[in-house]
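For reference, the structure is listed below as structure tokens.
Rule-based calculations on the coordinates, nothing more; no lab input. Remember, it's a predicted structure, so these values are computed and weren't measured experimentally. Glycine gets a Cβ as well: all are built from the backbone with ideal geometry, and neighbour counts include every protein chain shown.
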Amino acid sequence: MPDPYQTLGVPRDATPDQIRGAYRRLARELHPDVSPLPDAAARFAAVAEAYELLTDPARSFSTPAPDPSGDDPEEAAEVYDAYFRREARASAATRRTPPPYQPISGTLDLVLDLPISVHEAAEGAALTVPSPDGARQVTIPAGCCSGREIRLTGAGARTRAGRRGDLIVRVRIVPGSGAGLDDGPGSPVSPRG
């Protein structure tokens, strides 16, 4: 199994925030609905497995130590790698990814729930989101709050006659990704659609 730190591109002394940030960046790039790469699904599964290994205390990652009995350490590493590759494939096969966007009844419009961090909401961000025709850029304005809807004109469903709906990106600030931002009812900042 590849080193999960190397898979995520972070140093071994990476903080949980660095690991989370690397995972989010790679997941956006490699999601099979967004990435044109032929091996995107496998790479996405590897990134997800590396993230789980590094963040789940029950599955804490440690590099296997050489066997003191004198057995071949390379053979032990191959067995170790084969086991975790098999586990990763089984995990990816049983995990169902829900559709990234949902249709809005009676229209050609689609809605996509986009989780963002508190930092991205406060500072603004340019993110890539999936659409029926591939990846699209969406700009999150600085000071954005949960519930904000950003409309990508012509990026929704399409009829055979060529009519297009819109993709409505609904921003959701991820709880626990920061502190001090109140986006609930009574907040001085209200969602704008």
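Overview of values
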quantity: Amide hydrogen neighbours beyond the local backbone of residue 111, cut-off 5 Å, H modeled; calculated: 102, 104, 168
quantity: Long-range amide H partners of residue 154 with built H, under 5 Å; calculated: 166, 167
quantity: Rounded FRET efficiency, nearest 0.05, which uses the C-beta distance separating residue 159 from residue 137 and R0 of 35 Å; calculated: 0.90
quantity: Mean Cβ neighbour count within 10 Å, used as a protection proxy, ranking 164-171, 27-34, 132-139 highest first; calculated: 164-171, 27-34, 132-139
quantity: Amide H partners (placed H, <5 Å) of residue 148, local residues excluded; calculated: 171
quantity: Gain in span if fully extended, residue 42 to residue 128, counting 0.36 nm per residue against the direct Cα distance; calculated: 29.0 nm
quantity: In nm, spacing of pseudo-spin labels at residue 105 and residue 3 (7 Å Cα→C-beta vector); calculated: 5.3
